[in-house]
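The values are calculated or read from the model by the stated rules, or taken from the named source; none is laboratory data. Treat the numbers as computed from the prediction; the structure is a model and nothing was measured. Note that each Cβ is placed from the backbone with ideal geometry, even for glycine, and that neighbours are counted across all protein chains shown.
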Amino acid sequence: MKAERTVLGMKEAISRGRWVWAAPLGYRNSRSHSGPSLIPDPERAPLVTKAFELYASGLSDRSQVLETLTGLGLRSRHGKRLSAQSLHNLLRNVVYVGRIKAARWKTEHAGDFAPLVSESVFLQVQARLSAQGRDKGRVADDPRLPLRRFLRCARCDTPLTGSYSTGRSKKYPYYHCRRGCKGISARANVVEMTFAALLQGLQPRPEYLRLFNAVVLDAWKTERAHAEEMRAAYEQRAEDVRRNLQRVEDAFLIDRSIDERSYWDMRDRLREQLALAEMTATEARNEHLDVEGVLAFAEHVLGNAAALWANASPANRRQLQTALFPKGLSWGPDGFGTAVTSSAFSLFEVSKVGKSRVASPPGFEPGFQP
């Protein structure tokens, strides 16, 4: 009977949005009965938010997100490094959008606490995780075949796969059509040198760079001004809460004008408000950034796409390929088909780069297999 009453009590509390378990990473349990059941952890909450934002951006995989957060100091409640599985569970947890999901009782309710992540960011993360789940069981990306699935068959439009052919002394990587289209097969080093030659012809559009620089600078100035206003407002809010907290302390310890129970309730509520105000003020701070220097560096990078691709890691190569050619490229017996580049670029060489005209660009030799 006691167990049944406990379960009924938990269900009732959950239906009212109360969190009834130990606080998840990024939150703290509140002792207040009138305020929210969870309050943001000032140290860990911003890092949890950053984990979702990094993964939702698509620029980092889970291992990179975990490495970044570990470097920033994110640890479990027991001070240990997070495991890959712990990060996965964190990214799947609806508590961070302010909901309580009780799988045991198959119920889900809106929580009485503030979310750490917006609904849109959370959905982006779930989409990436689900897509990754669908890819389970497939052959992992091979660093010796960076263009695998990025290239498409010029005859049937099927994404090309890769495999190895055994020579006299070693195995050689090849790209070929999954459906076996005749003539759609080539040594990986030939395809990749052709791709490098294609990248050599990419140049940033001057008009795009001018407009991009102007927009970024204007947005940065607006953001800094807005952030400064928000920071000042939240710091003022934090200062007001500190004064109220001091009044409560004085009323209980010196004036004895409030009873102990009222003191604890008011103190806990004010401390929650203070923690939230301080955390928000910290997030509103906009660190100094040499935007002009960053834009100059970005322009340099965009103008050297070939060298950047040759020296990038396998994961970064795939990201760069997609950024430069959002629809991928087709490959056939005569080389690449018509290349559709990102709007930031112009292609100053003929799009159909034939295999017979390929020469390894300067500085590319280490990046290709013999």
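What's the total number of residues in the stretch 96-121 that are of a type in the set (A, V, I, L, M), within 20 Å of the chain's Cα centre (by Cα) and over 20 Å from Q273 (Cα atoms)? Explain how you work it out, then say what you get.
Pass one, the stretch 96-121, residues of a type in the set (A, V, I, L, M): 97, 100, 102-103, 110, 114, 116-117, 121.
Among the residues that remain, those that are also within 20 Å of the chain's Cα centre (by Cα) are: 97, 116-117, 121.
Narrowing further to those that are over 20 Å from Q273 (Cα atoms): 121.
Total meeting the criteria: 1.
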task: Could you check, for the stretch 250-263, whether at least one of its residues is within 35 Å of the chain's Cα centre (by Cα) and of a type in the set (V, I, T)?
output: no
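Would you pick out the residues in the stretch 225-268 that are acidic (D, E) and not in a helix (DSSP H, G or I)? Working first, answer last.
Quick first cut of the stretch 225-268, residues acidic (D, E) only: 228-229, 235, 239-240, 249-250, 255, 259-260, 265, 268.
Correct list: D255, D259.
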- prompt: Which condition number in (1) within 26 Å of W309 (Cβ to Cβ); (2) assigned by TED's automatic domain parsing to the domain that holds P24; (3) modelled with pLDDT of 90 or more is the one that V191 fails?
  reply: (2)
- request: Residue by residue through the stretch 87-122, note down the ones that are touching a residue at least 40 places away in the same chain (Cβ under 8 Å) and assigned to a helix (DSSP H, G or I).
  value: H88, L90, L91, V95, Y96, V121, F122
task: Examine the stretch 185-203 for a residue that is crowded, with 19+ Cβ neighbours inside 10 Å and within 30 Å of A275 (Cβ to Cβ), and state whether such a residue exists.
output: no
- prompt: Quick one: would you say V65 is within 30 Å of Q321 (Cβ to Cβ) and modelled with pLDDT of 90 or more?
  reply: yes
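A quick yes/no check of all residues on (1) at pLDDT 80 or above; (2) surrounded by fewer than 13 Cβ atoms within 10 Å (Cβ to Cβ); (3) in contact with a Gly (Cβ under 8 Å, 6 or more places away or on another chain):
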| position | (1), (2), (3) |
| --- | --- |
| R224 | no, no, no |
| Q236 | yes, yes, no |
| V241 | yes, no, no |
| Y263 | yes, no, no |
message: One residue is enough: does the stretch 205-224 have a residue meeting the conditions in contact with a strand residue (DSSP E or B) (Cβ under 8 Å, 6 or more places away or on another chain) and either without any contact (Cβ under 8 Å) to a residue 40 or more places away in the chain or not in a helix (DSSP H, G or I) (or both)?
response: yes
